[in-house]
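In what follows, a structure is listed as structure tokens, so that the remarks can point back to it.
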Amino acid sequence: MSVIIILLIASISVAALFLAAFIWSVRNGQYKDEIAPAVRILFEDKPLEPPTKVEEAKLS
Amino acid sequence: MDKAISKAVTVQCYHCGEDCSKEIIQTQEKSFCCSGCKMVYEILQQNGLCDYYTISNNPGKNQKTKVREDKFSFLDDIKIAASLIQYQDEERTHVQFYLPQIHCSSCLWLLENLHKLAPAVISSKVDFERREVAIVFEHKNYSLRKVAEQLTAIGYEPYLSFNDMGKQLPKTDSSKIYKLGVAGFCFANIMLMSFPEYFGIDAKEKDLLVLFRYANLVLSVPVFFYSATEFYNSAWKSLKHKFLNIDAPIVLAVWVTFARSLYEVLSGTGGGYFDSMSGIVFFMLAGRVLQDKTYRQLSFERDYTSYFPIAVTRIQDNQTAAVVLPDIKLNDTLLIHNEELIPADGILTMGKAFIDYSFVTGESEPVAKEMGEIVYAGGKQIGSNIEILVIKEVAQSYLTRLWNKDETTIEKTNEHSFVHLLSRYFTWIVFGIAIAGATYWYFKDADRIWNVITAVLIIACPCALLLSNTFTNGNILRRLGRNNFYLRNAQVIEDIATADTIVFDKTGTLTTGRYNDIQYEGAPVTWQQKQQLYALASQSTHPLSKAIVEWTGETGSKKVNAFKEVPGYGIEGMVEGNFLLLGSKSFVTHQASKEENDSIVYFSIDEKLLGKFSFRNQYRKQIPDMLQFINKKYALAVLSGDNAGEEKYLRELLGFNTHLMFNQNPSDKLQVIKRLQTQGKKIIMIGDGLNDAGALQQANVGIAISENNNHFTPASDAILSAWQLPKLYQLIQLCKINKRVVMTAFVISVIYNLIGLFFAVQGVLTPLIAAILMPCSSLSILLVTYGLSNFFGTRLGLK
Amino acid sequence: MQVEKFYYDNQTVKNFAYATILWGVVGMLAGLLIAVQIYLPAANFGLPLTTFGRVRPVHTNAVIFAFVGNGIFMGVYYSLQRLCKARMFSDALSKIHFWVWQLIIVAAALTLLTGHTTGKEYAELEWPIDIAITLVWVVFGINMFGTILKRREQHLYVAIWFYIATWVTVAMLHIVNSFEIPVSFLKSYSWYAGVQDALVQWWYGHNAVAFFLTTPYLGIMYYFLPKAANRPVYSYRLSIIHFWALIFIYIWAGPHHLLYTALPDWAQSLGTVFSIMLIAPSWGGMLNGLFTLRGAWDKVREDPILKFMVVAITCYGMATFEGPMLSLKNVNAITHFTDWTIAHVHIGALGWNGFLTFAILYWIIPKIFNTQLYSKKLATTHFWVGTIGIVLYAVPMYWAGFTQAMMWKQFTEEGILKYQFLETVTHIVPMYVTRSLGGLIYLVGVFIMVYNLVKTIKSGQLAANEAAEAPALADVVETHGKQYWHKWIEKRPIQMLVISLVLVAIGGLLELVPTFLIKSNIPTIVSVKPYTPLELQGRDIYIKEGCYLCHSQMVRPFRDEVARYGEYSKAGEFVYDHPFQWGSKRTGPDLARIGGKYPDSWHYNHMLEPQSMSPGSIMPSYAWMLDDAIDTASTPAKIRAMKVLGVPYPDGYDQQANADLMKQANAISANLKLDKINTGANKEIIAMIAYLQRVGSDIKLQPASEKK
């Protein structure tokens, strides 16, 4: 079953990666405010005028 | 016409949603209660920010009280500004304001779109829980003052207090969270790699097994050396105090487990108990985190500086300039505006002082001061501007000293919690078992001794007790919080449970501190007279006058001539040719009278006495019932800074075995508490004002009453929302239940321990058994604590 | 500084939306076709490329990677831009991502139909396509992390975390599971063999479900559900806990697909335990979703979009509860290999993925074409039709699965099996019919949607670049007042990208590891020998025709299975199986012990016309095997590849392999002659017979002493 070693290495390194991400997110204060973010996504910025031909060209 | 509207169905202010049928201001089919609200609306409307009103209805806060134009002028002062700014570089300034008005998603939206109003603003982020907004702006052509004024203009006046100065942002300590994360990660993977150990593995894969064991060893290192430090620290602390707290035996168990596992793996004799160890640490940390969940939006640690303005206006050679409090020197002349706090003791040198000390002393009525009289710090001027000559610096002033006196109270430790005592017995018993087992095996098979001892210590560590304690506390705290009763920490639960005496402050706690309860006795008052009365009374800012205005329920604009206000006595004036007098008996009847009662106001028209208004502080809803009920269970006391006007009523309510004390100044209150404590009473003090601050700190549990959670409350162990006061008894009961739940959960977990011991003393404790027992006991504890505490909570009719 | 004006890229979103619809229809049509073939074998039109074994992988791949895949990208490209308040990192990458992904899908369809498959479920695609997928995935990654990098919103909404998790994990799974050694341009052998291959495959298979069908859709749910209901998610904290818990548990649930197989006990129990633990986070997510709508049920009543979402989330709840149940050994003993599994996965596919995708389509299309949905009424109709479809699909399948399992296990008093395998099949044919009906109805619903959306699109006009504005992300002043932090924080996404790439690299390095795996393939049962060249060719035909999709090769240690098929399978028997062919479903009987059970002629006739040998059989005819010649040209390469993988062929054997092949072939064709069957020795049927006669027979040659 030595294949399990591969799976272990792979899985644990991913898990470790996410542990790092977790610690980062806490330290970064991502979860300081647990109310605002959920509300924030609901705000629809009201439609602005579409891009001009020039900008359009610049984009594509 | 006025009449017609006042009779009309209630109209809501489009901005703040208040009933504005009294007087309606209208623009574009929108009605507003006051020009303030209307102004905000117009600003938003001009800047296309009207979504503010669609995201949630009437999101604004009432704007009736106008803010002085130059109120924030002091922010132009470099020194002051510097003390508020968090970070500044060449072009940008970072600043954070506390906006108590934040309450809904509209607020969030508007404040984060601040840049649409002020282009210089680069970003504004709201921390909803803290009701703070972090603003980054370019200071090239914008200033701190402008920001503050912009916020004020849209109805979010920043609250700036003396203690904001140079305040570092609170350092959020998330180390526990990290530890939890690490423990969780390691635990999951260790468990994973322990499976071959549990279920056996083919002989030809032994090498794999060894690999797993070492992997587990590696993974358990961070748990042992990092995550578990939480417990090492607290154990060490308590040991330094010559005290064996619950963490001590746990640390021992963790160490023994680790050591033995280490030995087993290295010697190749077994897999060890790394999974159990990391699991325990993980669960216990989870419990701690849950229990330590603090209410970030509240502060239990306020000192007088949070009540003081950051700066006041000083008059120097006819120039007014803002000055920070510490810089106020003796003999400075300060200009105090309406509704402004007096920062330092001084002599009134100009203007009519009308000072509301309710916050400091608890007296609900403003005191009139003539020129030359001393005014004390902490009072709030009502009415016109006044000037005072400083005779004591802020640090020496009455309020400050009052406060500093309280600083000398012993801070409470949680070392005496029953949990720790319990854990001690538990520990000794465990040692007993270990020794017994050891001696038995000594004669039977000496090689087994260590195996047995370690096994016993591993299986029987009081972690179950700690778990049940932390989880129960956590859940109870949450439950109380849901009922707007916020405790400073878990220990308070136990202190409340053990208290036997409850001391109430009166004004602002039992009563609303407002005069809404008016009786009028005397000749009937015609509508005409009412209007006149209204006209006269509305000239004065005195709370009693305001109350009378309310009472008349009138509106209108009758002209008042020859208006005169005699501070401390009453007011007079000509309305439609009638001469009205309103005030104390002597003032109205022109004859000195013995019994002057501050809470009775006489009223005469053309020198003909019509009648008198008697005022009573209005008691909060259901408070009387609550008092009567709780009176049966606890020794009660009521301390009031007010006059004895209420005594009769309270006696009827509470009977004679209750202490009722009036005209109590802050230090009196403190003394009362001390005296009671010397009689061996455990006291819950419930108060609201700064005048209770000393008592609140001295009491075993100080509960501060607050009208709304982000309003300022004196330092205390707990904050209770005013409207929940009637629930006090139930809330206390919930705290009492805490202990019972912990014990129940503990007893259950002991059963698991016994099972474990059964194997342990025989020296046949396999990792599998340990690994099964550990999560089982942990989980059942979780369920029991959660279930029971919620069950009782619901049974007490709490949210 | 001015607020920055920028444009959301709706073009890409639109493309992915169209692709989602197109492939959805294709995938479901394929599904319908094979559903019919199950009770009407003739529905394969007698053509190889329309036969069940070839179309079924097309169905699964089309639905998972084309329909859901494009659905994911649609949702991510739409929500990520708005959550980050930024246009996608690079339009070029967006285009590449879109077009190459579609190309891959087309390539996949073609190769699968022409029988080029690795023979590993849900990972059937051959190595060139695997590489292409890896590349596109990297492109997607750069595009996503790039966007996160240049975001204008400091907080990473929980949805974004789900997207990140999806990307990282799928990358790893795909790489680890796709180790294979190329034989030719479109042929490769899995690097792992037998048990090991099985473990990797289902570790992958399960997590494909977890991280391709679940996490991204949860992220999408956390964005679109609040948007559609216009109310914040019930508990944001719960959503955060939900995410982290899910991440740390999911990865290990894989082995529950192999309960009672030759997989070691501890690995099986591991799968079970972790699967059970999964209930908690999964239900946390479901409840969080449903509670978001509490107090808004009136909205749900008139809004078809919310209706779809509610059912989707409910199905998610059902599936995530059922999953762990199925991973309990005693439950699994009954349900495994039956149609129960089919029902289970379709609750997830039709309900959770399908309905959520529809909801999002209904929501996004009007938005980006700034118009209104053409007809709410039609959408509601679609909802009801779809729901009926799901019910009509799932119920009969559960029923079928259960009944069949029961029949399999029944013995008479005399202690002999009560039912022939065929009886258990014919018995449930009616359920198969109903199932296909349910599928049809569901598909009708989809067509209603297509009509509705086309009308909507006609009525509107695409805002290819939707203008928006937001202030740039100001430096975060760290709470500890330390300045250097915020630089670091801003760099953080880069670091995450780097780490992820490092991770992919680790995956690459692991490519070396398998070499040492080979030593663990040393036969543990002496009598188990490598396949002869002819058998090897036969096995490849077995794989090509997708026999493993209906026939398992794994006798589990149960009384009935041993009685029905023979001695239960041992791990040691599969050491030369690259890839393993255990299968996951028994539409036909298990073949683990088919070797030597019937004469060659029986197989010949059975392949030509199954019903002639076993009347009422629902197996299609494989007549073309009688005409197509064995591709002997490939034999040497195949032998060499196998040697690389550690199969002990003598050195230089690849050169004489074909000679041996012909020798054995002639023997078989001679043997067939005895039964008056004339066929060329070079025909595929010969190889097929050779292989079938070999399967599971080695163990019988085992000297009694070694038997345990």
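The values are calculated or read from the model by the stated rules, or taken from the named source; none is laboratory data. Treat the numbers as computed from the prediction; the structure is a model and nothing was measured. Backbone-built Cβ (ideal geometry, glycine too); neighbour counts: all protein chains shown.
Quick notes on this structure:
- Residue match in the range B:743-751 (condition: surrounded by 19 or more Cβ atoms within 10 Å (Cβ to Cβ), over 33 Å from the mean Cα position of the chain (by Cα) and closer than 30 Å to B:LEU217 by Cβ): yes
- Residue in the range C:675-694 that is farthest from C:ASP631 (Cα to Cα), counting only those that are among the hydrophobic types (A, V, I, L, M, F, W, C) and touching a residue at least 60 places away in the same chain (Cβ under 8 Å): C:ILE677
- All of (1) surrounded by 18 or more Cβ atoms within 10 Å (Cβ to Cβ); (2) closer than 30 Å to B:TYR226 by Cα hold for B:LEU75 with one exception: (2).
- Among helices (runs of 4 or more DSSP H) entirely within the range C:265-330, having at least 2 residues that are within 14 Å of another protein chain (Cβ to nearest Cβ) and either among the polar types (S, T, N, Q) or in contact (Cβ under 8 Å) with a residue 12 or more places away in the chain (or both) singles out C:265-292.
- Some residue of the range C:185-203 being over 28 Å from C:ARG539 (Cα atoms), assigned to a loop (DSSP other than H, G, I, E, B) and aliphatic (A, V, I, L, M): no
Here is a yes/no grid of residues against (1) of a type outside the set (S, T, N, Q); (2) away from chain A (no Cβ under 11 Å); (3) in contact (Cβ under 8 Å) with a residue 12 or more places away in the chain; (4) at positive phi:
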position	(1), (2), (3), (4)
B:PHE72	yes, yes, yes, no
B:ASP76	yes, yes, yes, no
B:ILE80	yes, yes, yes, no
B:GLN88	no, yes, yes, no
B:LEU99	yes, yes, yes, no
B:LEU110	yes, no, yes, no
B:ASN113	no, no, yes, no
B:SER124	no, yes, yes, no
B:ARG130	yes, no, yes, no
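- Inspection of the range C:516-525 finds a residue satisfying the criterion of being closer than 20 Å to C:ALA641 by Cα and either at pLDDT 90 or above or among the β-branched types (Val, Ile, Thr) (or both).
- Hits in the range B:446-461 (condition: in contact (Cβ under 8 Å) with a residue 40 or more places away in the chain and over 14 Å from B:VAL256 (Cα atoms)): B:ARG448
- Of the helices (runs of 4 or more DSSP H) lying entirely inside the range B:609-707, not one carries at least 2 residues that are farther than 16 Å from B:THR507 by Cα, in contact with a Cys (Cβ under 6 Å, 6 or more places away or on another chain) and of a type in the set (A, V, I, L, M, F, W, C).
- B:LEU467 being more than 12 Å from B:LEU734 (Cα to Cα) and assigned to a helix (DSSP H, G or I): yes
- Selection count where residues are out of contact with any Asp or Glu (no Cβ under 9 Å at 6 or more places or on another chain) and aromatic (Phe, Trp, Tyr), scope the range C:647-687: 1
- Condition check for C:LEU149: closer than 23 Å to C:ASN207 by Cβ and either surrounded by fewer than 20 Cβ atoms within 10 Å (Cβ to Cβ) or touching a Pro at 6+ places or on another chain (Cβ under 6 Å) (or both): no
- Residue satisfying all of: in the range B:37-57; within 18 Å of B:GLU157 (Cβ to Cβ) and in contact with a Ser or Thr (Cβ under 8 Å, 6 or more places away or on another chain); surrounded by the fewest Cβ atoms within 10 Å (Cβ to Cβ) among these: B:GLU42
- Residue check, C:THR169 within 21 Å of the chain's Cα centre (by Cα), part of a helix (DSSP H, G or I), closer than 20 Å to C:ASN61 by Cα and at the interface with chain A (Cβ under 9 Å from one of its Cβ atoms): yes
- Flag if C:THR118 is away from every other protein chain (no Cβ under 14 Å), in contact (Cβ under 8 Å) with a residue 24 or more places away in the chain, surrounded by fewer than 22 Cβ atoms within 10 Å (Cβ to Cβ) and of a type in the set (S, T, N, Q): no
- Within the range B:472-488, the set of residues being in a loop (DSSP other than H, G, I, E, B) and of a type in the set (S, T, N, Q) comprises B:ASN483, B:ASN484.
- Single unsatisfied condition, B:GLU138 versus (1) modelled with pLDDT of 85 or more; (2) in contact with a helix residue (DSSP H, G or I) (Cβ under 7 Å, 6 or more places away or on another chain): (2)
- Elements of the type helices (runs of 4 or more DSSP H) sitting completely within chain A and holding at least 2 residues that are within 8 Å of chain C (Cβ to nearest Cβ), crowded, with 16+ Cβ neighbours inside 10 Å and modelled with pLDDT of 80 or more: these cover A:3-27, A:36-40.
- Exactly one residue among B:VAL251, B:VAL223 is surrounded by 17 or more Cβ atoms within 10 Å (Cβ to Cβ), under 18 Å from B:CYS463 (Cα atoms) and within 14 Å of chain A (Cβ to nearest Cβ), and that residue is B:VAL223.
- Considering the conditions (1) assigned to a loop (DSSP other than H, G, I, E, B); (2) out of contact with any Ser or Thr (no Cβ under 7 Å at 6 or more places or on another chain); (3) not small (Gly, Ala, Ser), C:ASN671 is excluded by exactly one of them, (1).
- Boolean, B:ALA148 is more than 10 Å from every other protein chain (Cβ to nearest Cβ), over 27 Å from B:GLN319 (Cα atoms) and not basic (Lys, Arg): no
- Restricting the range C:180-192 to residues that are crowded, with 22+ Cβ neighbours inside 10 Å and among the aromatic types (Phe, Trp, Tyr), the residue that is farthest from the other protein chains (Cβ to nearest Cβ): C:TYR189
- Checking B:GLY60 against (1) within 14 Å of chain A (Cβ to nearest Cβ); (2) buried (at least 17 other Cβ atoms within 10 Å of the Cβ); (3) in a loop (DSSP other than H, G, I, E, B), the condition it does not meet: (1)
- Of B:LEU151, B:LEU169, B:LEU160, all but one fail to be out of contact with any helix residue (DSSP H, G or I) (no Cβ under 6 Å at 6 or more places or on another chain), buried (at least 18 other Cβ atoms within 10 Å of the Cβ), at pLDDT below 85 and not acidic (Asp, Glu); the exception is B:LEU160.
- Just one of the listed residues (B:THR400, B:THR413, B:THR439) is surrounded by fewer than 14 Cβ atoms within 10 Å (Cβ to Cβ) and at pLDDT below 80, and it is B:THR413.
- Yes/no for B:LEU117 being of a type in the set (A, V, I, L, M, F, W, C), surrounded by fewer than 22 Cβ atoms within 10 Å (Cβ to Cβ), in contact with a helix residue (DSSP H, G or I) (Cβ under 7 Å, 6 or more places away or on another chain) and within 14 Å of another protein chain (Cβ to nearest Cβ): yes
- Selected residue [more than 15 Å from B:PRO158 (Cβ to Cβ) and among the small types (Gly, Ala, Ser)] from B:ALA134, B:ALA118, B:ALA82: B:ALA82
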